[in-house]
Amino acid sequence: MAEQELCDLEVRDLSRTFGNTYALKKVSFKILQGEKFALLGPNGAGKSTTLKLLTGLLKPTSGEIKIGGVDPSTKKARTIMGYLPEDASPYQMLSVRENLEYIGALREIENVKETTDHLLDFFDLNEYERSKVGKLSRGTTQKLALALAIIHKPKILLLDEPLNYLDIPTQEKVITRLNSLDVTVIVSTHIMSVASRLTKNVIMLARGVIRWEGSIDALRALGEAEEPIESIVARMMTSAP
Amino acid sequence: MHRKLFKFMLQTRFSKSLLVSTVGMLVIYCVFGSLAATNNLFDSSIFQYYGVGITIVMLSLAAFGGRIIITKADRDYLLTLPIEKKTLALNLYIVQIVSFLITNIMLYGLVIPAFLSAEASSYILLPINFVALTVLICSITVIANVLSKKMKIVLGGFLILWLLSALEGFPFTPGAIFMGNMLYGSAVLIVSALLSTVMALRELSNVEFRTAEKLAKMNSLDGKKNRTFDKLRPFWAVFFLNFFALKFSGAASAKSAKKSKWSVKITWLMAGSCILAVCYGLLLPYIGVMDNFMGDMGVVFLPVSLLYIVSFNFKRGLINERAWLSFTALDPRVYFRYILAANMLALITLFLPFAVTNIYLFFIGYQLALSAIISLLIIVPCSAVCTLYLATIVNPVQLKEGIPMKPTQTTLKQALKQILTFIPFFGSLIAILISSISPISVIITAIISLGLILFLSYSHYPWKTFTDKLTEKGFV
Ligand SMILES: Nc1ncnc2c1ncn2[C@@H]1O[C@H](COP(=O)(O)OP(=O)(O)OP(=O)(O)O)[C@@H](O)[C@H]1O
Ligand SMILES: [Mg+2]
């Protein structure tokens, strides 16, 4: 029980402004250990901002974030979180393996070498092991970034558009592999199919406020018979709050 | 020339306030400088050395790292415009001259007027020389852009020697304008500016292709073997990463990374440093025998030139850092402290052979060598790390896809921040120069620098908002 609460994630009245504009306005939600949520919303909804706030890279203008009961900027929160930003760019002057080993060393994980070997296999990166990141294709870079996000076996995974740039076979592989991990997941996306493949629940954001929250099945039930889920989502996102 | 394009480039690169204030600054410099010069407020020999020294820096930077500066936005949008490549390149060239003009006004500002009082003709020659010097520097960047690495070193080496010859009283060098040989110096400078411009213009039509090619080449730099971070404590991981990120021309080269162990490569770097130190130790007494004063100057020149190289290197700040990785792995404050300490340690290690050489020089009679040791081991590293700190705090730029992702327009505020990052450099420069007159000042400066570094690394003030600010600026 106590172990479970360790990895709950709670957000209360979270607001964040950039200059005079609100990117997020009084957002509250709670995600329990092991639950998988999609942050769904149109461009500029505040999805990426939410994830950056959760990782502690951005500070809230007001409101509170608790990762396993503590502030995101604490060491404990850092060790249980793994983060993949949108357009992730690893260290350009390091090779694929060097990136993994460097971050492994910074995170003081045990068996840096073995973990790196395992991740290179896991994401089919072996042939690029010695390539400098600057030389990689965008999709390969994305795979490396995914590997870097999970190198320390985080309990909570924050993924911003994780399937961007990946070709369809790789998408399938990554989906299967992400689903095989027993972790709490928050995936930011504006693509409903990505949300439904990776998660069970949806937090729908638009213009910095939560429009709807619930399971994907409940979302489907909101529509008329045979109505594609995309069209339900589109209707909800554009309707007045 | 393409008027619309040129105007667009100017407007997107420099804000009006910056252009206006640069002119304002020039006026203030002129008034202040000519007052100072006519009243003999300064010993003009300092200006002379400063003038030659900074010209060497600018020209060698142009020769070694020369390229037409383009940003990511340029590459994606400007270079794809349906405009003839030659026109495009010409405009980029002229805009680059403007940006060098701004930099040079800041760098040479105080020196220019110091030479005003010499003769009446200097009032006409000085502005011409200033423009010619800027054009020369800018043209060298274009010419160097198409040269091979070896040729760049040849060109850079030649330029350095050519300018240094001015200190020996050789009149046929651009450096002579600072040393009292105004007429010959100007003639040589103007002719070389014209010649280099002609050469640069001829190269311009190829320039963009080369730029793209160069980027591709830079990206394909695969190591034969990976360096390993296995079993390293976080601090040492940061240390090794930063040790090799130091790119002293010649001293460290990513290409020499053939062996897999860090220790082996550190041996290589240190071997290079030792060889240079030995050369220095052998060469200097030889110069000293020919000319006593030049020998002493050589002792001061070493920390000064290392200060130059290091400061320009560290002005880039955390251009290669990745906040989403390092700042989520370690407390950003701790990580940044590691970076500062790692760089400091790396510099001290690299300079150690030179310090040993200086001990030897001290025992063969060079009094100044003793304070040079303190300059080398404390003041220069502190200054570099301080520059890094300021550059990160005030002007964070991140390098993505090999091209800086910075806002293309330089505003007045940004320019002022840029100036701020020069403060440690100028402070240390003055301290090192004064050390040749009063050795005790070196010790005081060293203590102050060390205190400052400790204060900066442990003060809480900037850290509350640090990551937030960086992230908001797109540093992820
Ligand atoms: N660094 C920043 N500076 C200023 N405004 C920002 C910054 N980051 C985000 N914003 C603003 O905050 C709002 C939310 O942005 P955010 O990036 O979180 O959206 P998003 O939901 O991730 O959109 P997308 O699907 O396009 O990625 C937008 O209006 C955006 O303009
Ligand atoms: Mg986003």
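The values are calculated or read from the model by the stated rules, or taken from the named source; none is laboratory data. Everything numeric in this text was worked out from a predicted model, so none of it was measured. For neighbour counting, all protein chains shown are included, and Cβ atoms are generated from backbone atoms with ideal geometry for every residue, glycine included. Accessible surface is based on the protein model in full, side chains and every heavy atom, while ligands, DNA and RNA are left aside. Shrake-Rupley method; radii C 1.70, N 1.55, O 1.52, S 1.80 Å.
A few notes on this one:
- Which of B:LYS85, B:LYS7 is most accessible, then next, and so on - probe 1.4 Å: B:LYS7, B:LYS85
- The ellipsoid that matches the Cα gyration tensor of the protein assembly as shown has semi-axes, each √(5λ) in whole angstrom, of 51, 29, 24, with the longest given first.
- Rounded to whole numbers, the Karplus 3J(HN,Hα) couplings from phi for the stretch B:443-458 are 5, 4, 4, 4, 5, 4, 4, 4, x, 4, 4, 4, 4, 4, 6, 10 Hz, using 6.51 cos²θ - 1.76 cosθ + 1.60 with θ = phi - 60°, and x at Gly and Pro.
- Once backbone amide H atoms are built at 1.01 Å from N, A:ILE210 has no partners under 5 Å, excluding neighbours fewer than 5 places away on the same chain.
- Across the stretch A:34-188, Cα pairs under 8 Å and at least six residues apart give a relative contact order of 33 percent.
- Rolling a 1.4 Å probe over the protein heavy atoms gives the stretch B:418-468 an accessible area of 56 Å² per residue.
- Working ranking of peptides B:374-383, B:421-430, A:147-156, A:63-72 by packing, defined as the average number of other Cβ atoms within 10 Å per residue, highest first, is B:374-383, A:147-156, B:421-430, A:63-72.
- For the stretch A:47-146, the Kirkwood hydrodynamic radius comes to 14.9 Å, computed from all pairs of different C-alpha atoms.
- Zone residues, the stretch B:316-350, relative to A:ASP87, backbone N less than 19 Å from point 7 Å out along Cα-to-Cβ: B:318-326
- Mean projected area (nm²) of the alpha-carbon convex hull when the stretch A:12-52 is viewed from all directions: 3.3
- Note, ³J(HN,Hα) from phi for the stretch B:171-181, Karplus 6.51, -1.76, 1.60, rounded to Hz, x at Gly and Pro: x, 8, 8, x, x, 4, 4, 8, 9, x, 8
- Per-residue surface analysis assigns B:ARG233 an accessible area of about 150 Å², computed on protein heavy atoms at 1.4 Å probe radius.
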